[in-house]
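Below is one structure, written out as structure tokens; the observations come after it.
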Amino acid sequence: MIRVVLPAHLRRLAKIEGEVQLEVVGKVTQGRVLDALEARHPMLQGTIRDHATHKRRPFIRFFACERDLSHEPLDAPLPDAVTNGSEPFLIVGAMAGG
Amino acid sequence: MSTIRVLVGTRKGAFILTSDAKREQWSTSGPYFGGWEIYHLKGSSVDPNRLYASQSNDWFGQQIQRSNDGGKTWEPVGNAFVYDGSPGTHQWYDGTPHPWEFARVWHLEPSLKDPDTVYAGVEDAALFRSTDGGMTWQDLPGLREVKGNLWQPGAGGMCLHTILLDQNNPERIFTAISAAGVFRTDDSGKTWRPMNQGLKSSMELPDPNAEVGHCVHHIAMHPSRPNVLFMQKHWDVMRSDDAGESWHEVSGNLPSDFGFPIEVHTHEPDTIYVVPITSDSEHYPPDGKLRVYRSRTGGDEWEALTNGLPQQNCYVNVLRDAMAVDSLDPCGLYVGTTGGQVYASANAGDSWTPIVRDLPAVLSIEVQTLP
């Protein structure tokens, strides 16, 4: 079971409380986790990655196991700790302030 | 007794203000979608409890929200705004070609006939239509064929911000784009023509005969007289008496002819309103006085409306979609500011009172007059 933590705005948009738990069959990658997340909550399509290009939106970051995975390829495998559910996959709104 | 519902879009959420027909006591609900920019929300004239809202921010992009109960509850609907085919390029600020990129929905215009049909004016400029209540959106690509490769963004982005539907001619639609101009279709959006003859923008556009490139800020029409259009351009207040085929200036005695919104009185097609702003580099009212100007002659002759509006140290702006009228008699007028106030007049502008203060910067105002 993959655990996904969303930023507050997206939890509110999708009416989610707490973490999302997803089953991902086969190789667990960022792309497959996002596919499963968007299938469960279609209103999240376009909020994390672009509708047309499927690229990560510029102000979105992906963290897990105290690492920034934002620039990893979408088809790269996620860490074992995410795959086995001991650590969550964090989707984060990038810091933008001054 | 009628109810007035004022729909307010702000930088940090939407608010709904309601009053009875006296328009003296107001209640405020919201914020809805707190923290998100709400560029615009508008109700269907066929089913006034059907509302659409444009919700966006830089992090998570665009959402369209829909309500079927007058704004008490909302549901996200479709947010895929994908340009038809290969949209090619428009001009960037430096004159180089730049690919079309969707940024946000500036304006939502529900159909006058069908609550499930709604138009969306977007940045980069395009007109989308939904016929299923906002679930899916179709680009009307014919608009870009009117020299879209020459369009260039204004300071606020290359946005399609105004959509006027003609109740007497369902196939006719006017749109206005910053900084491209006014465009009209007479075949429901398949083909378009530029409607910019007579606009003079010598400081921004040296060619006096330029078909596109004019920075139109807003246009308005009275439904009973759809061939007469009024325009607040970047500079100049303009009028057309032939459905946009030609324009002439009616700025008259305004203290500044720069501004953003323009509106028409509900019951008097020749009574129009603007909010003069000092200049394109000073987006606040002249002399620190917030004055709505009214012309009862369809332009040229203007009077300042000041009673109840701040007349000293006022440096707010009123954005293009932030003025609206109700349908009562006398006509009510509503103005939202970037300082977060909404001022209302229940007597066609003769006197004003703030009906809410200290909201986030107001981006848009729409008014529903409910039976």
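The values are calculated or read from the model by the stated rules, or taken from the named source; none is laboratory data. All of these numbers come straight from a predicted model, not from anything done at the bench. Glycine also receives a Cβ, built like all others from the backbone with ideal geometry; neighbour counts cover every protein chain displayed. Heads up: the accessible areas ignore ligands, DNA and RNA and are worked out on the full protein's heavy atoms, side chains in. Shrake-Rupley method; radii C 1.70, N 1.55, O 1.52, S 1.80 Å.
Among the residues of region B:96-135, write down those that are among the charged types (D, E, K, R), more than 18 Å from B:Gly61 (Cα to Cα) and part of a loop (DSSP other than H, G, I, E, B). Working first, answer last.
To start, the set of residues in region B:96-135 that are among the charged types (D, E, K, R) comprises B:101, B:104, B:109, B:113-114, B:116, B:123-124, B:129, B:132.
Within this subset, residues satisfying the condition of being more than 18 Å from B:Gly61 (Cα to Cα) are B:109, B:113-114, B:116, B:129, B:132.
Hits for region B:96-135 are B:Lys113, B:Asp114, B:Asp116, B:Asp132.
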Among the residues of region A:23-55, the number that are touching a strand residue (DSSP E or B) at 6+ places or on another chain (Cβ under 8 Å), within 9 Å of chain B (Cβ to nearest Cβ) and of a type in the set (A, V, I, L, M, F, W, C) is 2
Given the conditions (1) crowded, with 20+ Cβ neighbours inside 10 Å; (2) without any contact (Cβ under 8 Å) to a residue 40 or more places away in the chain; (3) of a type in the set (A, V, I, L, M, F, W, C), every one holds for B:Ala179 apart from (2)
Go through (1) open to solvent by 50 Å² or more (accessible area, probe 1.4 Å); (2) free of Cβ contacts under 8 Å to residues at least 40 places away in the same chain; (3) within 14 Å of chain A (Cβ to nearest Cβ) and name the single condition B:Asp20 misses. (3)
I'd like the full set of residues that are touching a helix residue (DSSP H, G or I) at 6+ places or on another chain (Cβ under 9 Å) and open to solvent by 40 Å² or more (accessible area, probe 1.4 Å), limited to region B:104-135. none
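Residues B:Gly43, B:Gly34: which one is within 9 Å of another protein chain (Cβ to nearest Cβ) and small (Gly, Ala, Ser)? Before you say what the answer is, go through the steps one by one.
Details: B:Gly43 fails: within 9 Å of another protein chain (Cβ to nearest Cβ).
None of the others qualify; the one that does is B:Gly34.
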Scanning region B:92-103 residue by residue, those within 26 Å of B:Ser67 (Cα to Cα) and surrounded by fewer than 22 Cβ atoms within 10 Å (Cβ to Cβ) turn out to be B:Ala103
Selection within region B:237-274 - under 15 Å from B:Val216 (Cα atoms), in a strand (DSSP E or B) and open to solvent by less than 10 Å² (accessible area, probe 1.4 Å): B:Val237, B:Met238, B:Ser240, B:Phe258, B:Gly259, B:Pro261, B:Ile262, B:Val274
Here is a check on your reading of the model: is B:Asp321 touching a residue at least 60 places away in the same chain (Cβ under 8 Å), farther than 26 Å from B:Leu108 by Cα and open to solvent by 10 Å² or more (accessible area, probe 1.4 Å)? no
How many of the residues in region B:60-89 are under 16 Å from B:Ser44 (Cβ atoms) and within 9 Å of another protein chain (Cβ to nearest Cβ)? 2
Selection from region B:16-46 of residues that are within 25 Å of B:Asp114 (Cα to Cα), touching an Asp or Glu at 6+ places or on another chain (Cβ under 9 Å) and not polar (S, T, N, Q): B:Tyr39, B:His40, B:Leu41, B:Lys42, B:Gly43, B:Val46
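Would you be able to tell me the number of residues in region B:307-353 that are in a loop (DSSP other than H, G, I, E, B) and either charged (D, E, K, R) or closer than 24 Å to B:Lys233 by Cβ (or both)? Steps first, please.
Within region B:307-353, the first condition is being in a loop (DSSP other than H, G, I, E, B), and the residues that meet it are B:307-320, B:322, B:326-332, B:337-341, B:346-352.
Next cut, either charged (D, E, K, R) or closer than 24 Å to B:Lys233 by Cβ (or both) only: B:309, B:314-320, B:322, B:326, B:329, B:337-338, B:349-350.
Total meeting the criteria: 15.
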Tell me which residues, restricted to region B:196-238, are under 15 Å from B:Ile272 (Cβ atoms) and modelled with pLDDT under 95. none
